[in-house]
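Enquirer: My structure is below; once you've seen it, I'll send some questions.
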Amino acid sequence: MSTYTEKIREIAQRLLKECRVEMVIGFRKGSVPMMNEPCFVRKPEEVDALVWDSNCGINLANYLTNRKEKIGIVAKGCDSRNIVNHILENKIKREQLVIIGVPCQGMIDKRKIVAMAQGEVLEVTESDGQVHVKTAAGDQTFDKKDVLQQNCSVCVHRNPVISDEMVADPVEEQKDVDPYADVAALEAMTTDERWAFFDDLLAPCIRCYACRNACPLCYCPTCFVDEAKPQWVGKSQDPIDVRTFHLLRAYHCAGRCTDCGACERACPMGINMRLLTKKLNKDCLDLYGWEAGLSLDSRPALDVYKPNDTNDSIL
Amino acid sequence: MPVAAQQRPERTRSREEFVQNPYLPYPVRIDDITVESEDRNLKTFKFVFLNPDDEAKFAYRAGQFAELSIAGVGEIPIGIASSPVEKGFIKFTINKAGVVTSHLHNMQVGDIMGVRGPLGNWYPWDLLEGKNVLIVGGGFAFTTLRSSIIYMLDPANRKKFNDINVVYGARSPGMLLYKNELIEWEKRDDINMHITVDGTKDPDWKYNVGFVPPITEQKAPPGDENSYAIVCGPPIMIKFTQPVLEKLGYDHDHIILSLENRMKCGIGMCGRCGIGRELVCKDGPVFTLAQVNRTPKEY
Amino acid sequence: MKRLLEYTGIESDRLQFSWISSAESTKFVKVVNEVTAKVKALGPNKRFVKKEAKVA
Amino acid sequence: MKVIKIEKSQWSPGLEKLRGAFRLIGPVKEKTWHDFQELAAGQMPDLAFQNTRLSPKSLVFPQSEIMLDYSLDKKDPDCNIPKMAEKDYSPRAVIGIRPCDAKALALVKMNFDTDEYQDPYWLNLYNATTFVGLACDAPCSTCFCTSTGCGPYHEEGLDVLLAEREDHFVAKVLTDKGARLMDSAGWSTALPDAAVLDQAKSAAEGKIVSKIETDGLAAADTMALHGADFWEDISFACINCGTCTFSCPTCWCFDIQDETYGKKGVRMRNWDSCMFPIFTVHTTGHNPRDTKLARLRQRFMHKLKYFVDKYDKGIMCVGCGRCVRQCPVNIDIRNISKLMNNLASEARCAVQGS
């Protein structure tokens, strides 16, 4: 991972020195374990702040929306797909960007480590596939593949789909993984079981909107949940209002979501609301053979009409 | 300090003591509705309290505001347009803009709703005694200024103040509030009215034509340690009137403003209307320009 | 949308889509009867309903 | 200030006795975190925790709370006239609240209990509750209470302070409310040495490794802080979600909403956040704080400057560290306070506008 950091700093410094970009967006070291803070660097001498490790799960494409400057952006696989989506949806222009592609090796799920740690987690380091955790009650080591974020463990697009520079050779894509196994498991349940499952899943929600605000797809000036004239959904903790919010938020991501996991990572209550967006991703794949943000030349599935589109759900 | 503070009895900490729930509005009935502006977006509502003794509890000073409450729709903070010297009713002039105001504009005489207040502080009437008062108003922010003018012109109060000048402007003659009262005040000799409109094609328009700031510069008296200016209007008007007043010699703690901000509770608890340490709903809405300059411009 | 609602536990028969031009009155009658029959078969909706806010 | 010894054997019988007079609330383990919940019959508070994930402010300030209800039925004489909602304010006892959260409630009380207005909902719940605190002997690495005028054995806002020992609890009774609770639980074996906690107190305070720098904030010039140039850098990462404000024990902002259900309706209040754009947007669309920089700045200026000036009781933070641990993009109040504090000491302004 440290070679990634050096390469990112070197590319960033060159881009800033040659004035090809006005700023580089990346991560800087966090002040608590397993956390990094998205930041921007404007001067070449400040590039040493940039780091890269397995705690860069927040999607940096979220910080590009409506920006006018020329920007260098560090982007792992899913980030790059969201950049493609941003360009297709006119939220940023391709010529504004110098994309520093990062072949991704998967991000750590801090909640898994906290659950398996004996005491309070004080420090987490990683070296060649192993994660070393220093806790208040002694040290522990885990295999990285056991502590990955769920979406990273089934990710098949680790390499950036679009980039101007690459920090390393592409990694080998995972083959023997079924990204939609969890969705299929839910589909197998009965209607009553599924209703109860989502009741339980969304119960802890405190309506803080971290899932919406961490997602690059959510850039509406006034979100439907904030609208007062007319008011679509209640603002209280009533379970039906909470469910309505999550249902409609997920529905707005249909055919656009890259399953980067930033929503689940940002949620203070650790809710796996990705189960909603992944169902829509699975449907888009089954019905239209579409995966979001793979190339700049094809329009998203729900944005284009083809004669052979399925209409089995229409009377 | 708001009037409620002086009457607050020595408090004990028992639970039942919270008889006065500050979120509970006084029930009122709409007694009269008059359309003020030609575009029908401004209406003055006259309310009467359903419980007569609520009126005494609602004793207010000119410059305060209240939360108009419609059950099932919401609340809106509106400056009190009626004057403390007018008894038996309270008046508010409402501009049709959002959810609650639009609903209110569709209500009829006789409908029941609620009023919560009086809220916020008021124009510093004790300080203004014996001083010259210049009132500069614009558009529909003239409500609390009407309350102030009627308060000052009341026979019991007029002699407390020296000369009173009023500069009040609106986009066109049809947009002026309280037109007949304006004509009455124009005729009086103990108040100098300078009514203006941004523009008009009406040939027999007898008063000024021009924006409020230039008219203020031409007609308003120079400022000195005995003169205060109360300014209330849209931010753009305040922004261009301030240098004019400075040129006329009004220094910043002689320029009094009534600010507007998003509000919900109106009693200084929900934390939304803050500008720096001050809360517009409780420490304001009335501030001197000197105070406003010491706080962040977040209104 | 039908598949998402079904997935989260609401019977898919409760939501129907149809393309009917204003000229196709017979199709409109057919679709309305069909949908009414299906919803009646399912009985009153108890899931996605908010009688009043269930809060403190 | 009596100090009582509660043998571990007396602990659960005492709690059972308390159930007669109080509804018991305590920390309950959920998957990998704790939250305060009402304890079912026989359920014991799980005191093996560092702190709950969300602060216990929801016990006196529920996230959604109905304030008024009203009829919308034309035939009803009281149509359109709101009434105060019926509430159950039967006595409750919170067992195991941490000193930082208790002090936070004391700070927040200053907002809801003022000379001019008292909030009946917050105060009725607060007064109906007896707070039995649990001192921290193993604070988190992100706790910085000792530098915010609070501490692992702080007593402000508590009725009883417990300290857990090997085979017993040491209970320091702080108020009459606390004494009444101890009597109804039957815990009365006095401990002669009232200073038995002092030694543990300093030991616990020694374990606090983190701190926040605030000494220069009171004298700082508000406008200089507001116009500082570091806001752009530290607000860049912020995604303006409500996580920090909803998990913070000293945040009290709320929104008021009406909801109608056919012939009746309610006026309720919900937690709100200065991080949300709609918090301050005017009906005209004008928004005094329309950038995330302005909103983030408001949160930290309020906690570290406006509150300090208004109440002169130190900063509006008890160092519980929840916002530091929960922020998805790692915005750290300790860093921001240091930047503000450094700016303050550099531009030590002689005249602070009154």
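Enquirer: Could you pull out the residue among D:Gly149, D:Gly133 that is at pLDDT 95 or above, under 16 Å from the mean Cα position of the chain (by Cα) and farther than 14 Å from D:Lys2 by Cα? Spell out how you get there, then give the answer.
Expert: On the way: D:Gly149 fails: at pLDDT 95 or above.
Checking each option against the conditions leaves just D:Gly133.
Enquirer: What are the pairs with Cβ atoms under 9 angstrom where one residue, in region D:78-107, is free of Cβ contacts under 8 Å to residues at least 40 places away in the same chain and facing another protein chain (nearest Cβ under 10 Å) and the other, located anywhere, is outside any strand (DSSP E or B) and among the acidic types (Asp, Glu)? Sequence gap at least six, or different chains.
Expert: D:Cys79/D:Asp73; D:Asn80/B:Asp111
Enquirer: Can you tell me how many residues in region B:186-197 are surrounded by 15 or more Cβ atoms within 10 Å (Cβ to Cβ) and either in contact with a Phe, Trp or Tyr (Cβ under 7 Å, 6 or more places away or on another chain) or over 23 Å from B:Leu127 (Cβ atoms) (or both)? Give the derivation first.
Expert: As a first pass, look at region B:186-197 and keep what is surrounded by 15 or more Cβ atoms within 10 Å (Cβ to Cβ): B:186, B:191-197.
Adding the requirement that they be either in contact with a Phe, Trp or Tyr (Cβ under 7 Å, 6 or more places away or on another chain) or over 23 Å from B:Leu127 (Cβ atoms) (or both) leaves B:186, B:191, B:193-197.
Selection size over region B:186-197: 7.
Enquirer: Right, something else. Out of region D:113-151, which residues are part of a loop (DSSP other than H, G, I, E, B), within 9 Å of another protein chain (Cβ to nearest Cβ) and out of contact with any Ser or Thr (no Cβ under 9 Å at 6 or more places or on another chain)?
Expert: Step one: of region D:113-151, the residues part of a loop (DSSP other than H, G, I, E, B) are D:114-117, D:119, D:128, D:135-144, D:149-151.
Still in the list and also within 9 Å of another protein chain (Cβ to nearest Cβ): D:114-117, D:119, D:128, D:138, D:140-142.
Selection gives D:Thr114, D:Asp115, D:Glu116, D:Tyr117, D:Asp119, D:Ala138.
Enquirer: Oh, and also: With region B:52-131 as the region, which helices (runs of 4 or more DSSP H) entirely inside it contain at least 1 residues that are polar (S, T, N, Q) and outside the structural domain of B:Ile230 (by TED's automatic domain parsing)?
Expert: Working: elements: B:52-57, B:99-105, B:125-128.
Correct list: B:99-105.
Enquirer: Further question on the same structure: For region A:30-49: of the residues being within 20 Å of the chain's Cα centre (by Cα) and within 9 Å of another protein chain (Cβ to nearest Cβ), which is farthest from D:Ser235 (Cα to Cα)? Lay out the reasoning, then the answer.
Expert: Restricting attention to region A:30-49, the residues satisfying the condition of being within 20 Å of the chain's Cα centre (by Cα) are A:30, A:33-40.
Right, trim to within 9 Å of another protein chain (Cβ to nearest Cβ) and you get A:30, A:33, A:35-40.
Details: A:Gly30: 14, A:Pro33: 20, A:Met35: 16, A:Asn36: 14, A:Glu37: 11, A:Pro38: 10, A:Cys39: 9, A:Phe40: 11 Å.
Per the criteria, the residue is A:Pro33.
Enquirer: Another question, then. Search region D:227-246 for residues being without any contact (Cβ under 8 Å) to a residue 40 or more places away in the chain and within 12 Å of chain A (Cβ to nearest Cβ), and hand back the single one that is surrounded by the fewest Cβ atoms within 10 Å (Cβ to Cβ). Break it down into steps so the answer makes sense when it comes.
Expert: To start, the set of residues in region D:227-246 that are without any contact (Cβ under 8 Å) to a residue 40 or more places away in the chain comprises D:227, D:229, D:233, D:236, D:242.
Those still in the list that are within 12 Å of chain A (Cβ to nearest Cβ) too: D:233, D:236, D:242.
On the way: D:Asp233: 14, D:Phe236: 19, D:Gly242: 24.
My answer is D:Asp233.
Enquirer: How many residues, within region D:247-285, are assigned to a loop (DSSP other than H, G, I, E, B), within 24 Å of the chain's Cα centre (by Cα) and more than 9 Å from chain B (Cβ to nearest Cβ)?
Expert: Keep residues of region D:247-285 that are assigned to a loop (DSSP other than H, G, I, E, B), which gives D:248-253, D:262-263, D:272-276, D:280-285.
If we keep only those that are within 24 Å of the chain's Cα centre (by Cα) as well, we get D:248-253, D:272-276, D:280.
Subset that is more than 9 Å from chain B (Cβ to nearest Cβ): D:248-250, D:273, D:275-276.
Of the residues in region D:247-285, 6 are assigned to a loop (DSSP other than H, G, I, E, B), within 24 Å of the chain's Cα centre (by Cα) and more than 9 Å from chain B (Cβ to nearest Cβ).
Enquirer: Counting only residues that are farther than 20 Å from A:Ile83 by Cα and more than 14 Å from chain D (Cβ to nearest Cβ), which one in region A:252-279 is farthest from the chain's Cα centre (by Cα)? Working first, answer last.
Expert: Of all residues in region A:252-279, those farther than 20 Å from A:Ile83 by Cα come to A:267-273, A:275-276, A:279.
Okay, now just the ones that are also more than 14 Å from chain D (Cβ to nearest Cβ), so A:275-276, A:279.
On the way: A:Leu275: 14, A:Leu276: 14, A:Lys279: 16 Å.
Filtering region A:252-279 for residues that are farther than 20 Å from A:Ile83 by Cα and more than 14 Å from chain D (Cβ to nearest Cβ), the one farthest from the chain's Cα centre (by Cα) comes out as A:Lys279.
Enquirer: Next up: Could you list all residues from region D:230-246 that are under 15 Å from A:Val41 (Cα atoms) and either among the hydroxyl-bearing types (Ser, Thr, Tyr) or part of a loop (DSSP other than H, G, I, E, B) (or both)?
Expert: Residues of region D:230-246 under 15 Å from A:Val41 (Cα atoms): D:230-237.
D:Phe230, D:Ser235, D:Phe236, D:Ala237 - these are the residues of region D:230-246 that are under 15 Å from A:Val41 (Cα atoms) and either among the hydroxyl-bearing types (Ser, Thr, Tyr) or part of a loop (DSSP other than H, G, I, E, B) (or both).
Enquirer: Okay, next question. Tell me, please, whether a residue that is modelled with pLDDT of 95 or more, surrounded by 18 or more Cβ atoms within 10 Å (Cβ to Cβ) and within 14 Å of another protein chain (Cβ to nearest Cβ) can be found in region B:81-93.
Expert: No, region B:81-93 contains no residue that is modelled with pLDDT of 95 or more, surrounded by 18 or more Cβ atoms within 10 Å (Cβ to Cβ) and within 14 Å of another protein chain (Cβ to nearest Cβ).
Enquirer: Counting just the residues of region A:65-94 that are assigned to a helix (DSSP H, G or I) and of a type in the set (A, V, I, L, M, F, W, C), which one comes out nearest to the chain's Cα centre (by Cα)?
Expert: Keep residues of region A:65-94 that are assigned to a helix (DSSP H, G or I), which gives A:77-88, A:94.
Filter once more, so that each one left must be of a type in the set (A, V, I, L, M, F, W, C): A:78, A:83-84, A:87-88.
Working: A:Cys78: 6, A:Ile83: 11, A:Val84: 14, A:Ile87: 17, A:Leu88: 18 Å.
So the residue we want is A:Cys78.
Residue-wise test of (1) surrounded by 15 or more Cβ atoms within 10 Å (Cβ to Cβ); (2) in the same structural domain as A:Pro38 (by TED's automatic domain parsing); (3) among the aliphatic types (A, V, I, L, M); (4) touching a strand residue (DSSP E or B) at 6+ places or on another chain (Cβ under 7 Å).
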site: A:Asp200; (1), (2), (3), (4): no, yes, no, no
site: A:Pro204; (1), (2), (3), (4): yes, yes, no, no
site: A:Tyr209; (1), (2), (3), (4): yes, yes, no, no
site: A:Arg212; (1), (2), (3), (4): yes, yes, no, no
site: A:Pro216; (1), (2), (3), (4): yes, yes, no, no
site: A:Val225; (1), (2), (3), (4): yes, yes, yes, no
site: A:Ala228; (1), (2), (3), (4): yes, yes, yes, no
site: A:Gly234; (1), (2), (3), (4): yes, yes, no, yes
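Enquirer: Here's a follow-up. Out of B:Val244, B:Val231, I need the residue that is assigned by TED's automatic domain parsing to the domain that holds B:Asp163 and under 20 Å from the mean Cα position of the chain (by Cα). Which one? Step through it out loud before you land on a result.
Expert: On the way: B:Val244 fails: under 20 Å from the mean Cα position of the chain (by Cα).
Exactly one of B:Val244, B:Val231 is assigned by TED's automatic domain parsing to the domain that holds B:Asp163 and under 20 Å from the mean Cα position of the chain (by Cα), namely B:Val231.
Enquirer: Another one. For region B:224-299, please list each of the strands (runs of 3 or more DSSP E) lying entirely inside it that holds at least 1 residues being among the small types (Gly, Ala, Ser), modelled with pLDDT of 90 or more and surrounded by 22 or more Cβ atoms within 10 Å (Cβ to Cβ).
Expert: Numbers: elements: B:227-232, B:255-258, B:286-288.
It comes to B:227-232, B:255-258.
Enquirer: For A:Phe245, only one of the following conditions fails: (1) over 24 Å from the mean Cα position of the chain (by Cα); (2) within 13 Å of chain C (Cβ to nearest Cβ). What is its number?
Expert: (1)
Enquirer: Return the total of residues in region A:209-227 being part of a loop (DSSP other than H, G, I, E, B), touching a residue at least 24 places away in the same chain (Cβ under 8 Å) and under 25 Å from A:Val183 (Cα atoms).
Expert: The number of residues fulfilling the criteria is 4.
Enquirer: Now, a different point. Can you tell me which condition B:Cys281 does not meet? The list is (1) touching a helix residue (DSSP H, G or I) at 6+ places or on another chain (Cβ under 7 Å); (2) more than 7 Å from chain D (Cβ to nearest Cβ), and all the others hold.
Expert: Every listed condition holds for B:Cys281 apart from (1).
Enquirer: Same structure, new question: With out of contact with any strand residue (DSSP E or B) (no Cβ under 6 Å at 6 or more places or on another chain), more than 29 Å from A:Val24 (Cα to Cα) and in the same structural domain as A:Cys39 (by TED's automatic domain parsing) as the only criterion, which of A:Val154, A:Val84 stands out?
Expert: On the way: A:Val84 fails: more than 29 Å from A:Val24 (Cα to Cα).
Criteria check complete, one pass: A:Val154.
Enquirer: Answer yes or no as to whether D:Leu68 is in a helix (DSSP H, G or I) and either within 14 Å of chain C (Cβ to nearest Cβ) or over 30 Å from A:Ile240 (Cα atoms) (or both). Spell out how you get there, then give the answer.
Expert: Working: in a helix (DSSP H, G or I): no; either within 14 Å of chain C (Cβ to nearest Cβ) or over 30 Å from A:Ile240 (Cα atoms) (or both): yes.
Answer is no for this residue.
Enquirer: Might you check whether a residue that is assigned to a loop (DSSP other than H, G, I, E, B), within 14 Å of chain C (Cβ to nearest Cβ) and crowded, with 22+ Cβ neighbours inside 10 Å occurs anywhere in region D:48-58?
Expert: So the first thing to find is which residues in region D:48-58 are assigned to a loop (DSSP other than H, G, I, E, B), and the list is D:48-55.
Okay, now just the ones that are also within 14 Å of chain C (Cβ to nearest Cβ), so none.
No, region D:48-58 contains no residue that is assigned to a loop (DSSP other than H, G, I, E, B), within 14 Å of chain C (Cβ to nearest Cβ) and crowded, with 22+ Cβ neighbours inside 10 Å.
Enquirer: For the condition surrounded by 15 or more Cβ atoms within 10 Å (Cβ to Cβ), not assigned by TED's automatic domain parsing to the domain that holds A:Asp259 and not hydroxyl-bearing (Ser, Thr, Tyr), what is the one hit in A:Gln140, A:Gln130?
Expert: Working: A:Gln130 fails: surrounded by 15 or more Cβ atoms within 10 Å (Cβ to Cβ).
It is A:Gln140.
The values are calculated or read from the model by the stated rules, or taken from the named source; none is laboratory data. Fair warning: this is a prediction, and the values are worked out from it, not measured in the lab. Here the Cβ is made from the backbone with ideal geometry for all residues, glycine too, and neighbour counts use every protein chain on show.
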